[in-house]
Amino acid sequence: MMYHYAHQGVPLDHAEAAKWYRKAADQGNAPAQARLGLMYFRGQGVPRDYVQAYKWNTLAAASLPEGDPLRQTASLARDMAAQQLMPGQIAEAQKLAREWRSTIQKGKLPPAR
């Protein structure tokens, strides 16, 4: 997270932040999923990808507790990503989220990127 916010003399590096958020997101860390989804939505440190933004924000919104401001942010970002997608792309993002959940539920981590 320090790469994303440039704490304690560490330079701001969105690509490095995205790398670490991805590692945490792949392990089921919902806050990291939300932040990674926002990075995909904004194209910060990763190429702008509304399908990936939708996927990660869907996963985060489903996992974060009711009333958590980050859950609200993830839900809003997911809905904003959906506005940029065609129905087939939304279906693809939903499929990717289901596949990710299935992989995690089987006790396997998604392949490293």
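Please specify each residue of segment 42-67 satisfying the condition of being more than 16 Å from ALA97 (Cα to Cα) and crowded, with 19+ Cβ neighbours inside 10 Å.
Of everything in segment 42-67, those that are more than 16 Å from ALA97 (Cα to Cα) and crowded, with 19+ Cβ neighbours inside 10 Å turn out to be GLY45, VAL46.
Six or more apart or on different chains, Cβ under 7 Å: which pairs go from a residue in segment 7-24 that's within 28 Å of LYS55 (Cα to Cα) and outside any loop (DSSP other than H, G, I, E, B) to one that's among the charged types (D, E, K, R) and at pLDDT 90 or above? Could you list them?
TYR21/ARG35
Go through segment 68-90 and report how many residues are more than 15 Å from ALA34 (Cα to Cα) and exposed (fewer than 15 other Cβ atoms within 10 Å of the Cβ).
5
Which one of ARG48, ARG42, ARG98, ARG22 is among the basic types (Lys, Arg) and in contact with a Leu (Cβ under 9 Å, 6 or more places away or on another chain)?
Exactly one residue qualifies, and that residue is ARG22.
Given the conditions (1) under 20 Å from GLN105 (Cβ atoms); (2) surrounded by 22 or more Cβ atoms within 10 Å (Cβ to Cβ); (3) at pLDDT below 95, and given that ALA93 satisfies all but one, which numbered condition is not satisfied?
Only one criterion is unmet by ALA93, namely (3).
Which residue is farthest from TRP20 (Cα to Cα), if the candidates are limited to segment 36-46 and must be assigned to a helix (DSSP H, G or I), hydrophobic (A, V, I, L, M, F, W, C) and touching a residue at least 24 places away in the same chain (Cβ under 8 Å)?
PHE41
Between a residue in segment 47-73 that is assigned to a loop (DSSP other than H, G, I, E, B) and any residue that is surrounded by 16 or more Cβ atoms within 10 Å (Cβ to Cβ) and small (Gly, Ala, Ser), which pairs come within a Cβ distance under 8 Å, given they are 6 or more apart or on different chains?
Pairs found: LEU64/ALA30; LEU64/ALA34; LEU64/ALA74.
The values are calculated or read from the model by the stated rules, or taken from the named source; none is laboratory data. Predicted, not measured: the structure shown is a model, and the values here were computed from it. Neighbour counts are summed over all protein chains in view; Cβ atoms, including those assigned to glycine, are modelled from backbone coordinates with ideal geometry.
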